[in-house]
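Reading through the structure tokens given below for one structure.
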Amino acid sequence: MTKESNNQAVIQIRGVTKLFGDKIVHDGIDLDVYQGEILTLMGGSGSGKSVLLRSLIGLEKPDAGHIYFRGNDIVGLSEENLVEVRKRIAYVFQYGALFDSLTVRENLAYPLRAHTKLSEEEIQKRVFDTLKKVGLEHSLNLLPSDLSGGMQRRVGVARSIILEPEVILYDEPTTGLDPYNTKQILNIILQLKKQGATTVLVTHDMHAIFTVTDRVAFLKDGKIRALGTAQEINSTKDPVIQGFIQGESW
């Protein structure tokens with residue numbers, strides 16, 4: 001789903017500026033994320049993709065500007081109020097970020113016990129149903145150390161979506177994975193989109209970008225250098241972007 005098919009912006013980024021010391025990471029960025037789309041943040045290392053992603057749930061604080069989620073500015077919210085935002089905007093960490101000492105079942109049950117009033121029976125049902133979405137319903141009683149890297153990523157996705165968020169943020173979800181597990185992760189992203197999720201994706205995986213993405217925002221020198229459909233970005237005449245896509249220059 002793209003801007004043309006649905007003009008409802010779930011997230012609006014306005015004039016966001018972020019500095020680390022003397023380094024300008026974001027320089028007055030404006031960007032909308034639309035209902036039901038997959039938007040990819042693209043650019044080289046150090047271009048601020050992950051910083052912008054983390055800013056969407058308050059893990060980073062802009063030095064200036066506003067980030068609106070459903071019309072409410074999240075910049076400056078207290079940690080208590082950010083908890084409510086994070087129930088609706090899920091963050092999938094690069095390596096799953098699972099609790100090593102807890103089973104898969106307990107990893108997924110943890111946020112449900114912390115943030116809902118579901119009964120234990122309801123919790124166990126949702127844990128099973130969510131694991132089934134990522135093809136790991138038979139891994140309930142395994143520890144993270146019993147899982148392959150790809151399986152850990154899929155459990156990480158399952159835990160992130162267990163609270164049924166409206167928006168899902170992915171930080172390099174396929175980095176280091178073999179082709180099979182990469183395909184599994186991309187299929188999960190697409191399936192969640194079909195179920196209505198809005199997605200923001202950070203990745204260097206060109207196959208992922210041009211397979212699952214609706215729109216791409218290309219970050220360079222603190223600004224969005226280009227914004228368009230995956231096809232538009234892939235076919236751009238901009239030598240900087242083409243050089244990046246082809247792995248020739250940055």
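The values are calculated or read from the model by the stated rules, or taken from the named source; none is laboratory data. Model, not experiment: these values are computed from the prediction. Here Cβ is always computed from backbone atoms with ideal geometry, including for glycine, and neighbour counts include all displayed protein chains.
Name the one entry in Gly243, Gly222, Gly228 that is more than 12 Å from the chain's Cα centre (by Cα), without any contact (Cβ under 8 Å) to a residue 12 or more places away in the chain and either farther than 30 Å from Thr103 by Cβ or buried (at least 16 other Cβ atoms within 10 Å of the Cβ) (or both). Steps first, please.
Details: Gly222 fails: without any contact (Cβ under 8 Å) to a residue 12 or more places away in the chain; Gly228 fails: without any contact (Cβ under 8 Å) to a residue 12 or more places away in the chain.
The match here is Gly243.
Looking at region 67-80 only, could you name the residues that are surrounded by 13 or more Cβ atoms within 10 Å (Cβ to Cβ) and not hydrophobic (A, V, I, L, M, F, W, C)?
Within region 67-80, the first condition is being surrounded by 13 or more Cβ atoms within 10 Å (Cβ to Cβ), and the residues that meet it are 67-70, 73-75, 77.
Across region 67-80, the qualifying residues are Tyr68, Arg70, Asp73.
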Practice item. Might you check whether a residue that is within 17 Å of Ser45 (Cα to Cα), part of a loop (DSSP other than H, G, I, E, B) and in contact with a helix residue (DSSP H, G or I) (Cβ under 9 Å, 6 or more places away or on another chain) occurs anywhere in region 188-203? Key: yes
Study note, to complete from the structure: Residues of region 10-26 being at pLDDT 95 or above and either assigned to a loop (DSSP other than H, G, I, E, B) or under 14 Å from Leu39 (Cβ atoms) (or both), in sequence order, are Val10, Ile11, Gln12, Ile13
Check your understanding: In region 42-75, which residue that is assigned to a strand (DSSP E or B) and touching a Gly at 6+ places or on another chain (Cβ under 8 Å) is farthest from Ile233 (Cα to Cα)?
Key -> Ala64
Exercise for review: Kindly check whether there is at least one residue in region 205-212 that is buried (at least 18 other Cβ atoms within 10 Å of the Cβ) and under 23 Å from Asn107 (Cβ atoms).
Suggested key: no
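Is region 144-152 home to any residue that is outside any strand (DSSP E or B), of a type in the set (Gly, Ala, Ser) and modelled with pLDDT of 95 or more? Steps first, please.
Here is the first cut: in region 144-152, the ones outside any strand (DSSP E or B) are 144-152.
Remaining after also requiring of a type in the set (Gly, Ala, Ser): 145, 148-150.
Within this subset, residues satisfying the condition of being modelled with pLDDT of 95 or more are none.
Within region 144-152, none of the residues are outside any strand (DSSP E or B), of a type in the set (Gly, Ala, Ser) and modelled with pLDDT of 95 or more.
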